[in-house]
Amino acid sequence: MRHGATAGLISSRDAMDRIRALTDGPADPLAVPFLFGMAALVAHWADELDEAEQLVRRALDPLGSFLLHPMHHILTDVRVDLAAARADHDAVLAEPRARTPRIRSSGPGPTSAHTQAVIALVETGRLEEAALLVDGFELPTAPDSWRTHRFLYARGVLRAAAGEPAAALEDFEECGRRQASREAYLSVASPWRVGAAECLLALGRPHEALAHAEEEARLAEVWHTPRVRGRALRVLGEATGGRRGLRLTGGAVALLRGTPADAELIAALIAHGRLLLRARERSQARKALYEAVERAERLGAVRLRGVAEELLHEGGARRAGAPRTGPAALTDSERRIAGLAAEGRTNAEIAASLHLARRTVETHLTAAYRKLGITRRTELPTALPPSPYGPPARAS
């Protein structure tokens with residue numbers, strides 16, 4: 001089943017139907033970690049993220065504290081991959097193995113946790129840290145494994161973000177060659193064709209970029225999840241350009257709305273905004289790019305926010321100043337009041353402790369909810385950063 005998925009032979013719906021049939025029936029206890037672990041991996045590719053998490057838990061239950069079981073590290077990797085699929089960069093970087101390179105000429109080489117850590121560092125604007133992590137591995141001597149293939153992709157992401165499209169292209173295409181040698185043509189977790197197409201466009205080789213984009217779109221239609229289809233439509237639109245490119249990137253935006261693929265939606269909004277600027281439709285371009293900025297702020301996607309802001313500036317818009325969404329957008333008063341509410345204080349208690357009218361507290365909390373992208377008080381503890389808030393700020 002996993003081979004059929006990566007070879008581009010079956011759809012995500014077919015894969016999930018087979019997985020559910022397998023995991024709903026009785027299983028040999030010794031086989032449970034392998035069966036449910038592989039099922040979780042495919043469910044992750046199918047963007048059934050909640051179901052994949054449940055499968056990971058079911059796979060880990062029989063293992064207990066047996067950390068040397070061959071599936072234990074794979075299951076840990078799947079958990080990190082699930083956090084990455086949600087663009088939860090903090091959770092990715094909190095994994096203990098994610099930031100610890102193994103500098104040695106032999107051994108297991110980079111893990112999926114290392115791959116996702118490199119990408120998370122790039123997306124949060126920490127390129128120097130990402131480069132240090134990459135330099136901790138000697139890839140020419142690393143085992144020829146799926147993990148190494150994916151790490152090549154992550155190094156390509158870093159090099160592309162650092163303005164080295166030629167070097168990034170080498171990594172993306174080497175990742176593709178290694179995966180193709182195992183008959184893995186569909187690459188959900190490390191979309192090397194997308195990266196390669198973007199690099200080829202940057203290098204002024206649009207015909208080669210279009211070939212990669214068209215093949216990515218063909219395979220995406222087979223697998224048929226919104227994430228891979230939206231990503232493929234976005235890069236196909238960028239490679240195509242013109243009015244057809246606009247239709248493709250607009251389709252990518254529509255397809256990705258309401259899915260777990262927030263980072264892909266931001267990338268699609270940026271691509272659509274870029275093509276709108278080229279078509280001299282500045283008003284519509286700004287609308288797409290401002291949405292990209294706001295979503296990127298909320299997600300902590302520093303790199304994507306920077307790209308969107310640069311395009312806004314090129315289109316004649318003012319550069320964004322202070323963030324308008326996310327924890328950094330809170331005023332001192334909003335931050336302090338939201339922090340107290342997150343600790344469990346009622347509005348009346350907050351008003352009394354800060355010598356404010358209760359209505360003022362409610363107004364600041366409403367503003368904080370909007371900037372944090374939440375709707376309920378119970379969401380405050382996870383939406384606010386874990387750092388202390390400092391001395392009380394007098395609300396105005």
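The values are calculated or read from the model by the stated rules, or taken from the named source; none is laboratory data. On a predicted model such as this, the values are computed, not experimentally measured, just so you know. No Cβ is skipped: glycine too gets one built from the backbone with ideal geometry, and neighbour counts run over all protein chains shown. Heads up: the accessible areas ignore ligands, DNA and RNA and are worked out on the full protein's heavy atoms, side chains in. Shrake-Rupley method; radii C 1.70, N 1.55, O 1.52, S 1.80 Å.
Worth pointing out:
- Selection over region 5-24 of residues that are open to solvent by less than 80 Å² (accessible area, probe 1.4 Å) and not polar (S, T, N, Q) gives a count of 9.
- Candidate set: region 182-205, residues that are more than 22 Å from the chain's Cα centre (by Cα) and modelled with pLDDT under 95; chosen: the one surrounded by the most Cβ atoms within 10 Å (Cβ to Cβ): Arg182
- Residue ID - surrounded by the fewest Cβ atoms within 10 Å (Cβ to Cβ), chosen from residues in region 229-260 that are of a type in the set (A, V, I, L, M, F, W, C) and farther than 17 Å from Lys287 by Cβ: Leu255
- Considering region 224-324, the qualifying helices (runs of 4 or more DSSP H), each wholly inside and each with 2 or more residues that are among the polar types (S, T, N, Q), run over 282-299.
- Screening region 25-69 for residues that are assigned to a loop (DSSP other than H, G, I, E, B) and acidic (Asp, Glu) and picking the one that is least open to solvent (accessible area, probe 1.4 Å) gives Asp47.
- Of all residues in region 316-342, none that is at positive phi and open to solvent by 60 Å² or more (accessible area, probe 1.4 Å) has its Cβ atom under 8 Å from the Cβ atom of a residue that is modelled with pLDDT under 75 and among the polar types (S, T, N, Q), 6 or more apart or on another chain.
- The condition (being within 15 Å of Thr325 (Cα to Cα), surrounded by 24 or more Cβ atoms within 10 Å (Cβ to Cβ) and touching a Leu at 6+ places or on another chain (Cβ under 7 Å)) is satisfied by just one residue among Ala292, Ala288, Ala263: Ala292.
- Scope region 357-376; condition over 18 Å from Gly326 (Cβ atoms) and open to solvent by 30 Å² or more (accessible area, probe 1.4 Å); matching residues: Ala357, Arg358, Arg359, Thr360, Glu362, Thr363
- Screening Arg147, Arg126, Arg79 for residues that are modelled with pLDDT of 85 or more, in contact with a Gly (Cβ under 7 Å, 6 or more places away or on another chain) and open to solvent by 40 Å² or more (accessible area, probe 1.4 Å) leaves exactly one candidate, Arg147.
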